[in-house]
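Here's the structure, in structure tokens; my notes come after.
The values are calculated or read from the model by the stated rules, or taken from the named source; none is laboratory data. Quick caveat: nothing in here was measured; it's all calculated off a predicted structure. Reconstructed Cβ throughout: ideal geometry from the backbone, glycine too, with neighbour counts over all protein chains shown.
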Amino acid sequence: MLMIDGDYPMAFGGVIMERDLTLPVDQVRAEPTPEGKPRGWSNDGTMASIPEMRRSGMAVALVKINRCIDRGDTESFCGHAGHAHGEVKTDHHAYAAGIAQLGYYEILEATGQSRLLKTPAEFKEHMDEWERAASYDDLRVGMVLGMEGADPIVWPSQVQEWFEAGLRVISLSHYGVSRYSHGTGTGTDGGLTAQGPELLREMDKLGIILDVSHTSDESVRQELDIFEGPVLASHQNCREVTPGERQFPDHQLKRIIERGAVIGHSMDTYMLWSKGVDWANIPPKRPFTKDEVTLDRIIDNIDHVSQLAGNSLHSAIGGDTDGQGGANGAPKEVDTVYDYLKIADLMDGRGYKQEDIENVMWRNWQRFFEANLPG
């Protein structure tokens, strides 16, 4: 069975953690974690590499560029207290770090490991190759390039440069307040910043897809009022299933479903734990064990979206693969991305038809990108 992962911030492992993700995942895990790297992301928990993606039948991943500016006191920045997350200090550093991650994806393509999919025709041709293949061992892994938190876009019209380089999906915020909107950890009321509407209009002109993940309720409301193009949620769960601002309430899920969105369900156990967390003060260590969160929680989210939509055409995989700390931050049954295949068995056990299972595993993302990547 094929898979498509709607959220793999691969450059974090490849650039920030300096992992060689062209190696089998066991070899990546065996390498000592370099000194001075972010805590909680040790190499021994790596979930994905190019060979592991091929082994899993993962034909495509929506990969990410992600660097955020640390604005310190968010209240002085935007009049609203919230999560002060960020890794770099200035516009220049956000842009340069984003360009470095772009270069990482470009070198993977240049060396025959992957293929950046920029148009519907390229996506369809790539999927046809994978569906015909008897073995995936020598195939390039497809990648759609996204940006999680838009701080590397230093001014709205600069998005043209990023588009020409292959960027096709953008979420305006990540944690805290970005240049363009309120994001996770700022509550639900803060909306777009002054430059947010202009960036959305520039994205519309180019045909860039809007990712509403990691964005506050009010920001999403404003985005959907302004932005006229295609919308997705790369890694997003349901607030009715797991409480907390990081998940979407039903009214937002219904609104993006009406816009034809696909919702990739995240494997991050913080987003699946039944008691929820305070997203403005995320505990550095999970207040539960890996065994306490099972893949059944993913099926609960698929069920919820399918009930809201009346069909299975809007749920998909949005792993947040290795972005949530790796295997230690994934559900009980998940050690590597190969274990995402267990979702199919669990759906079968709940009475889903084969067509529904294939929709969630890959066909919903396939149809979405073949319809909505700019031509």
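Does THR193 qualify as being hydroxyl-bearing (Ser, Thr, Tyr) and closer than 22 Å to MET271 by Cα?
no
Determine, yes or no, whether GLY142 is in contact with a Phe, Trp or Tyr (Cβ under 8 Å, 6 or more places away or on another chain), in contact (Cβ under 8 Å) with a residue 24 or more places away in the chain, within 20 Å of TYR105 (Cβ to Cβ) and crowded, with 24+ Cβ neighbours inside 10 Å.
When the stated conditions are applied, GLY142 passes them.
Within the set of pairs 6+ apart or on separate chains, which have a first residue in segment 18-46 that is in a loop (DSSP other than H, G, I, E, B), a second that is aromatic (Phe, Trp, Tyr), and C-beta atoms under 8 Å apart?
Between residues of segment 18-46 that are in a loop (DSSP other than H, G, I, E, B) and residues that are aromatic (Phe, Trp, Tyr), the close pairs are THR33/TRP41; TRP41/PHE12.
Just to be sure before I move on: is MET267 within 19 Å of the chain's Cα centre (by Cα), part of a helix (DSSP H, G or I) and farther than 23 Å from ASP189 by Cβ in the structure I sent?
So MET267 does not fit the description; no.
Could you tell me which numbered condition THR193 fails, if it satisfies all but one of (1) touching a residue at least 60 places away in the same chain (Cβ under 8 Å); (2) under 17 Å from ASN281 (Cβ atoms); (3) of a type in the set (Val, Ile, Thr)?
All conditions pass for THR193, except number (2).
Would it be correct to say that TRP279 is assigned to a loop (DSSP other than H, G, I, E, B) and either in contact (Cβ under 8 Å) with a residue 12 or more places away in the chain or surrounded by fewer than 18 Cβ atoms within 10 Å (Cβ to Cβ) (or both)?
So TRP279 fits the description; yes.
With part of a helix (DSSP H, G or I) and among the aliphatic types (A, V, I, L, M) as the only criterion, which of LEU232, LEU224 stands out?
LEU224
Quick check, is ASP320 part of a loop (DSSP other than H, G, I, E, B), among the acidic types (Asp, Glu) and modelled with pLDDT of 95 or more?
Yes; evaluated as a whole, the condition is true for this residue.
Table: residues versus (1) of a type outside the set (Asp, Glu); (2) surrounded by 17 or more Cβ atoms within 10 Å (Cβ to Cβ); (3) in contact (Cβ under 8 Å) with a residue 40 or more places away in the chain.
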position: ALA100; (1), (2), (3): yes, no, yes
position: ILE107; (1), (2), (3): yes, no, no
position: GLN113; (1), (2), (3): yes, yes, yes
position: PHE123; (1), (2), (3): yes, yes, yes
position: GLU148; (1), (2), (3): no, yes, yes
position: ILE170; (1), (2), (3): yes, yes, yes
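Do the conditions hold for GLY190, that is, is it touching a strand residue (DSSP E or B) at 6+ places or on another chain (Cβ under 6 Å), surrounded by 22 or more Cβ atoms within 10 Å (Cβ to Cβ) and not in a loop (DSSP other than H, G, I, E, B)?
Considered against the rule, which asks whether it is touching a strand residue (DSSP E or B) at 6+ places or on another chain (Cβ under 6 Å), surrounded by 22 or more Cβ atoms within 10 Å (Cβ to Cβ) and not in a loop (DSSP other than H, G, I, E, B), GLY190 comes out as no.
So which of GLY329, GLY325 ends up being within 15 Å of MET47 (Cβ to Cβ), touching a helix residue (DSSP H, G or I) at 6+ places or on another chain (Cβ under 7 Å), surrounded by 20 or more Cβ atoms within 10 Å (Cβ to Cβ) and at pLDDT below 95?
Exactly one of GLY329, GLY325 is within 15 Å of MET47 (Cβ to Cβ), touching a helix residue (DSSP H, G or I) at 6+ places or on another chain (Cβ under 7 Å), surrounded by 20 or more Cβ atoms within 10 Å (Cβ to Cβ) and at pLDDT below 95, namely GLY325.
In segment 109-135, which residues are in contact with a Leu (Cβ under 9 Å, 6 or more places away or on another chain) and farther than 23 Å from ILE209 by Cα?
GLN113, GLU129, TRP130, GLU131, ALA133
Go through segment 3-54 and give me each residue that's within 21 Å of the chain's Cα centre (by Cα) and closer than 24 Å to ALA134 by Cβ.
Within segment 3-54, MET3, ILE4, ASP5, THR22, VAL25, ALA48, SER49, ILE50, PRO51, GLU52, MET53, ARG54 qualify.
Of the conditions (1) over 24 Å from ILE99 (Cα atoms); (2) surrounded by 21 or more Cβ atoms within 10 Å (Cβ to Cβ), LYS64 satisfies every one except a single condition; which number is it?
LYS64 satisfies all of (1) over 24 Å from ILE99 (Cα atoms); (2) surrounded by 21 or more Cβ atoms within 10 Å (Cβ to Cβ) except (1).
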